[in-house]
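What follows is a short report on a single structure.
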């Protein structure tokens, strides 16, 4: 069980979602100290830890650099890496890479992401060319490369899920289904 806790602000009277990037890496130290992130000057908002894995949130990282970032972090850590750009808690662009492999990108809440992109950029749909079958193959290969045991039917359902209220909760559900160990918010892990 992954206890997400906290990434979506709970501000009375404000109906605003979360905007930011989640980075998932197997590392002994803080994600922000990994080469490639440390020199970017981004502050960590929250960090979850468990079983050698860490998930950290940052202000939105530059979209143009994300493929290089996940590829480089996978090489530097020697383990698969994910990065998810969350857009107003409604959709997420999820990128992944394994050491020595090419990065891939898919959308969490894919129909909603296509609608969002069509509204903001008529050519935006080309950013997510993966079919549901290709997306499933990519995340399962990522999980297995990490030495994890994914729940394939659950992952398949999550990748096409459109009803989640907060996509960051959908991301943590996916991480659990991919086989990541229990992740606890750093403050709770220390206390």
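The values are calculated or read from the model by the stated rules, or taken from the named source; none is laboratory data. Source: prediction; values computed, not measured. Glycine gets a Cβ as well: all are built from the backbone with ideal geometry, and neighbour counts include every protein chain shown.
Residue by residue, here is whether (1) modelled with pLDDT of 95 or more; (2) surrounded by fewer than 17 Cβ atoms within 10 Å (Cβ to Cβ); (3) over 25 Å from residue 18 (Cβ atoms); (4) touching a strand residue (DSSP E or B) at 6+ places or on another chain (Cβ under 7 Å) holds:
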residue	(1), (2), (3), (4)
118	no, yes, no, no
121	no, yes, no, no
124	no, yes, no, no
136	yes, no, yes, no
141	yes, yes, yes, no
149	yes, yes, yes, no
154	yes, yes, no, no
162	no, yes, no, no
165	no, yes, no, no
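Could you grab me the full set of residues in the range 82-94 that are more than 15 Å from residue 58 (Cα to Cα) and surrounded by 21 or more Cβ atoms within 10 Å (Cβ to Cβ)?
Listed by number, the list holds a single entry, 91.
Show the residue pairs that are 6+ apart or on different chains and have beta-carbon atoms under 6 Å apart, the first residue being within the range 54-70 and touching a residue at least 24 places away in the same chain (Cβ under 8 Å), the second being assigned to a helix (DSSP H, G or I).
Final answer for the pair search is 54/31; 56/31.
Return yes or no: is residue 178 free of Cβ contacts under 8 Å to residues at least 40 places away in the same chain, touching a helix residue (DSSP H, G or I) at 6+ places or on another chain (Cβ under 8 Å), closer than 20 Å to residue 25 by Cα and surrounded by 20 or more Cβ atoms within 10 Å (Cβ to Cβ)?
Here the answer is yes, as residue 178 does meet what is asked.
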